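Participant: Before we start, here is the structure in question, set down as structure tokens.
The values are calculated or read from the model by the stated rules, or taken from the named source; none is laboratory data. The shown structure was predicted, so the numbers you read here are calculated from the model rather than taken from an experiment. Because the Cβ atoms are built from the backbone with ideal geometry, glycine has one as well, and the counts that use them run over all protein chains shown. The protein model used for the area step is the full one, side chains on, heavy atoms only, and it has no ligands, DNA or RNA in it. Shrake-Rupley method; radii C 1.70, N 1.55, O 1.52, S 1.80 Å.
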Amino acid sequence: MKGTVTPIQTAVAIIPSPNLLWRFKMILFLIWGFGCCKIGWDSVMRMSVDLRDLFLYEAFLYYNPLLLVTMMVWLWGVNLWVFSQGSVNYAKIFDLDQNHLTHNEIWKCSTWMTIIVPTSMTAYLYLYSHGEVSLAASQPVLLYIAVAVVLIFPFDIFYLSSRYFLLRTLWRIALPLQAISFPDFFLADILTSMAKVFSDLECSACRMVHQQVATIAWFEADSICGSHSKVIPLVLVFPYLCRLLQCLRQYKDTKEKTSLLNALKYSTAVPVIFLSALKYDVSPVSWISIYRPLWLLSSVINSLYSFYWDVTRDWDMSAFSRIFKFNRPNFCSNLLYGRQWFYFWVIGSNLILRCAWTYKLSAHLRHNYITVFTFTALEMLRRFQWIFFRVENEWTKMTKSSFQIAMSEIPIEEQQLLASTNHEV
């Protein structure tokens, strides 16, 4: 009997270790990534040289918004991981219930997004290069429909409570008719960094509705979905208008003048966007002599105003004392916590990327799609590091206010005890 092995022991022995499973998944991921790159490259090389750049621009337009959203989800998972390692209770800050997504679940979602979006893009390139134009045109359409269905799916799968929390917050941002909470303006600030993403989503949806996918009918600038469309600056400015209305609503509720100054900051983005769009409606002489200097001036004002507000208002330098102080210090906390160079890097990079903000939102520069994509990705990295200090600052305010309330209650209790005459021993 001592030499026999029970079925339970056999089953336990068969289960591989977590490290082995992780390595196996990484090998599969690398094989998939290499396959997508190889198929995509071969498909592009099959096209004629004169159509290659146009087709890549179109394919890039459909898929770069979802790739950038995937990148932001990955970075948000990193934010949550850092908060979970330290003393910042982000669930309390955002008023989340116990079923909120952890950083591991966020990374699981971003992993699937990382797989699905490039796979659809590879299928699009392959089918188009092999003459299956109708099937190629269906790939981005099916992907966008799938994303919309997953977001609004009413059944209790795919993290229903978290999806509806996101949708409710988006609705409150679009219509700020109620008191503004921290999640409302926090997400609205993130959406301002993704204004270019929404602009590309609008262009993609326009071409899908007008059946211009996998064609070059949209290439004419004056077409309904062309680069001169009047809708593009409206979509770019929409997140900033939402944030401006939030500030006005906050002033109505609190009467704090700081809210008006914050609203003024977001209003400075409006001339940058619309002055840039005027290039297509004015003569070259007028653009060079009048409108371009005004555009540059408004860009400088907005960049410097936004940088000042980030450092002095959103962050509050006193909040730097606890950031990256983990409960169990590791390489990340030892490298960053309390290091002076890190704070100089954050402030300096924020200033540079604030100035680069102008490039990605300027309508007359959007034809440089690779450069615009790079600057948009850099803006998301700036917002990623902004989140650390903004949430830390909010947590510092919450803990400080709760401490002051607790201290203010002590004298009242002492006075009640001293005033009482009914003492029994």
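Participant: Here are the criteria: (1) farther than 26 Å from residue 249 by Cα; (2) at pLDDT 90 or above; (3) touching a Leu at 6+ places or on another chain (Cβ under 9 Å); (4) open to solvent by less than 30 Å² (accessible area, probe 1.4 Å). Tell me which single one residue 122 does not satisfy.
Facilitator: Single failed check for residue 122: (3).
Participant: Please find, among 175, 135, the residue that is open to solvent by 40 Å² or more (accessible area, probe 1.4 Å) and within 30 Å of residue 314 (Cα to Cα).
Facilitator: 175
Participant: Looking only at residues in region 96-112 that are open to solvent by 60 Å² or more (accessible area, probe 1.4 Å) and in a helix (DSSP H, G or I), which one is farthest from residue 45 (Cα to Cα)?
Facilitator: Checking each candidate, the answer is 104.
Participant: Here are 136, 179: which of them is among the small types (Gly, Ala, Ser), assigned to a helix (DSSP H, G or I) and at pLDDT below 90?
Facilitator: Going through 136, 179 in turn, the sole match is 136.
Participant: Is it fair to say residue 110 is within 30 Å of residue 384 (Cα to Cα) and in contact with a Gly (Cβ under 8 Å, 6 or more places away or on another chain)?
Facilitator: Judged against the criteria, residue 110 is a match.
Participant: Can you go through 237, 231 and tell me which one is at pLDDT 90 or above and within 30 Å of residue 56 (Cβ to Cβ)?
Facilitator: One residue alone meets the criteria, 237.
Participant: Would a scan of region 194-214 turn up a residue that is among the hydrophobic types (A, V, I, L, M, F, W, C), in contact with a His (Cβ under 8 Å, 6 or more places away or on another chain) and either in a loop (DSSP other than H, G, I, E, B) or at pLDDT 90 or above (or both)?
Facilitator: No, that holds for no residue.
Participant: Still on this structure, I have one more. Could you grab me the full set of residues in region 367-386 that are within 18 Å of residue 276 (Cβ to Cβ), among the polar types (S, T, N, Q) and assigned to a helix (DSSP H, G or I)?
Facilitator: 371, 376
Participant: Could you look through region 178-209, keep only residues that are among the polar types (S, T, N, Q) and touching a Phe, Trp or Tyr at 6+ places or on another chain (Cβ under 8 Å), and pick out the one that is surrounded by the most Cβ atoms within 10 Å (Cβ to Cβ)?
Facilitator: If we take residues in region 178-209 being among the polar types (S, T, N, Q) and touching a Phe, Trp or Tyr at 6+ places or on another chain (Cβ under 8 Å), then 204 is surrounded by the most Cβ atoms within 10 Å (Cβ to Cβ).
Participant: A further question on this structure: With (1) at pLDDT 90 or above; (2) aliphatic (A, V, I, L, M); (3) out of contact with any Asp or Glu (no Cβ under 9 Å at 6 or more places or on another chain); (4) buried (at least 16 other Cβ atoms within 10 Å of the Cβ) as the list, and residue 59 as the residue in question, which single condition is left unmet?
Facilitator: (1)
Participant: For region 336-362, enumerate the residues that are assigned to a helix (DSSP H, G or I), modelled with pLDDT under 65 and in contact with a Lys or Arg (Cβ under 7 Å, 6 or more places away or on another chain).
Facilitator: Once the filter is applied, which keeps residues that are assigned to a helix (DSSP H, G or I), modelled with pLDDT under 65 and in contact with a Lys or Arg (Cβ under 7 Å, 6 or more places away or on another chain), region 336-362 yields 360, 361.
Participant: Could you tell me how many of the residues in region 39-59 are in contact (Cβ under 8 Å) with a residue 60 or more places away in the chain and among the basic types (Lys, Arg)?
Facilitator: Counting residues in region 39-59 that are in contact (Cβ under 8 Å) with a residue 60 or more places away in the chain and among the basic types (Lys, Arg) gives 1.
Participant: In addition: Identify, please: which residue in region 279-299 is of a type in the set (D, E, K, R) and assigned to a helix (DSSP H, G or I) and is, among those, modelled with the lowest pLDDT?
Facilitator: Looking at residues that are of a type in the set (D, E, K, R) and assigned to a helix (DSSP H, G or I), I get 279.
Participant: To continue, here is another question. Which members of region 300-328 meet the condition of being modelled with pLDDT under 85 and exposed (fewer than 14 other Cβ atoms within 10 Å of the Cβ)?
Facilitator: Listed by number, the residues that qualify are 312, 317, 318, 321, 327, 328.
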